[in-house]
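What follows is a short report on a single structure.
Rule-based calculations on the coordinates, nothing more; no lab input. Please read these numbers as outputs of a predicted model, since none were measured by experiment. Cβ placement follows ideal geometry from the backbone for every residue including glycine, while neighbour counts extend to all protein chains displayed.
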Amino acid sequence: MSFSITTRRGDDGTTSLLYGQRVAKDHAQIEALGTCDELNVALGLARAAGSDASSAPLLLAIQKDLVALMGELACAETDVARYGDSKFPKIDDSSLARIDAAAAALEARGLRFDGWATPGATPPAAAFDNARVVARRCERRLAGLPAHGRTVSPLIMSYVNRLSDLLWLLAREAEQTTLPPSAPTQP
């Protein structure tokens, strides 16, 4: 017997959370999960767009963190403890420390930036800026979940907030490392 992704169970406008609870596809939790998924894709695009080879392992690690983060968010509030006790991967303090260390390393390089950044100077920079704005939207979706009865751990909120800062720094670095020295970074 072969496996098919097409189950037709969502034809009625609902989808399953982890452990089986059904919710509407426009439920706030599904919106947050979808935005996390979009962020993961945007990071994959940044990785594939020719970003600096040294950032590729970092981006892949962040993508794996996002899968773990989505797992935690994919269960109903009543199943949070069950998920916590599961063997599913989870983000932890070391995940956040990786983001902080990468941002600190970029800041230590003395990146130049004046005023508001204008995305699009280079394809890698634009890919990072795209990922950054998706991360900020993800952050807004996560911040709204408690109003819909779903708590979000402070670690997850910190992780996504700092990730968007890191992506801003990566975009500025990509502008400066892929442009000829005489080319301006802003119009």
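Which chymotrypsin sites (Phe, Trp or Tyr not before Pro) from the range 1-97 combine a DSSP loop assignment with at most 13 other Cβ atoms within 10 Å? When the chymotrypsin sites (Phe, Trp or Tyr not before Pro) of the range 1-97 are filtered for loop state and at most 13 Cβ neighbours within 10 Å, Phe3, Tyr19 remain. For the range 123-175 versus the range 49-122, the inter-centroid distance based on Cα atoms is 9 Å.
What's the extension gain from Arg8 to Thr118 if we count 0.36 nm per residue and subtract their Cα-Cα distance? Don't skip to the end; give the middle numbers.
Numbers: separation 110, 0.36 × 110 = 39.60 nm, distance 4.34 nm.
The span from Arg8 to Thr118 would gain 35.3 nm if fully extended.
Only one item in (1) 1.14; (2) 1.04; (3) 0.93 matches Cα Rg over 2.2 N^0.38 Å derived from the coordinates shown, and that item is (1). Just check the range 1-47 against the gyration tensor rule for me: Cα atoms, a ≥ b ≥ c as the square roots of the eigenvalues, rounded for a/c under 1.5, and otherwise prolate or oblate depending on whether a/b exceeds b/c. Because a/c hits 1.5 or more and a/b fails to exceed b/c, the range 1-47 counts as oblate.
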